[in-house]
Amino acid sequence: MTAERVEPIAGQDERDRPLSNRTRAERWSVAFPFGWDADELVARRNLLRWAVMASGALFAATGVIAGLSFRLERRRGERQAVIAAAAVPPGSVHYFAYPTADDHAILLHLPDAGFVAYSGKCTHLSCAVYWNEARGQLVCPCHEGVFDPRTGEVLAGPPPRPLPQIELSEMGGTIYAEAEVLRGL
């Protein structure tokens, strides 16, 4: 292939000529290299419509899953003996490990409500929760979270959820932990 010499346009100086090698007219008269018939298979508007619908479906599915997690209760742990009921007088507390040896739990003997037990892990950042007898509340010292000893509900501070409650039973003078119930996660 030989290089063709491009003649300057009449009245144009050779210095004004473009320096591009694409000055031949036949190079630009070639049809678009893609077939326009295939363009009708997927138009940009259809692709955008599909992307918006897929995003909406994923958003709705995420909302359903999040909604179900707030409604469902999850249970974990097996029946385990905690302590003799006579060893915990009214108004006192007993700390124990449940549902595993690495999980802390609190057993309270409330004078007017009997025995209640909760996870000893704060629902904010998993700090240890303890019984403050002077205030009559369950307290997380990390960020001043406060929980109601009767229900485990949040009274103050940043914890977003109540403490997981531990179901109890009493048989033969011994208190048993049946299961830890995780509510509204």
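Worth pointing out:
- If you check ALA66, ALA85, ALA57 for being modelled with pLDDT of 65 or more and in the same structural domain as PRO160 (by TED's automatic domain parsing), only one passes: ALA85.
- Yes/no for GLU167 being loosely packed, with under 14 Cβ neighbours inside 10 Å, assigned by TED's automatic domain parsing to the domain that holds HIS104 and either farther than 26 Å from ALA84 by Cα or of a type in the set (Asp, Glu) (or both): no
- Residue within region 137-151 that is on the phi > 0 side of the Ramachandran plot and either surrounded by 14 or more Cβ atoms within 10 Å (Cβ to Cβ) or assigned to a strand (DSSP E or B) (or both) present: no
- Within region 109-145, the residues that satisfy the criterion of being over 22 Å from the mean Cα position of the chain (by Cα) and touching a residue at least 60 places away in the same chain (Cβ under 8 Å) are PHE115, ALA117.
- Top-ranked residue in region 152-180 [being in a strand (DSSP E or B) and touching a Pro at 6+ places or on another chain (Cβ under 7 Å); ranked as modelled with the highest pLDDT]: VAL154
The values are calculated or read from the model by the stated rules, or taken from the named source; none is laboratory data. Please read all numbers here as calculations on a predicted model, not as lab measurements. Don't worry about glycine lacking a Cβ; one is built from the backbone with ideal geometry, like all the others, and counts go over all protein chains shown.
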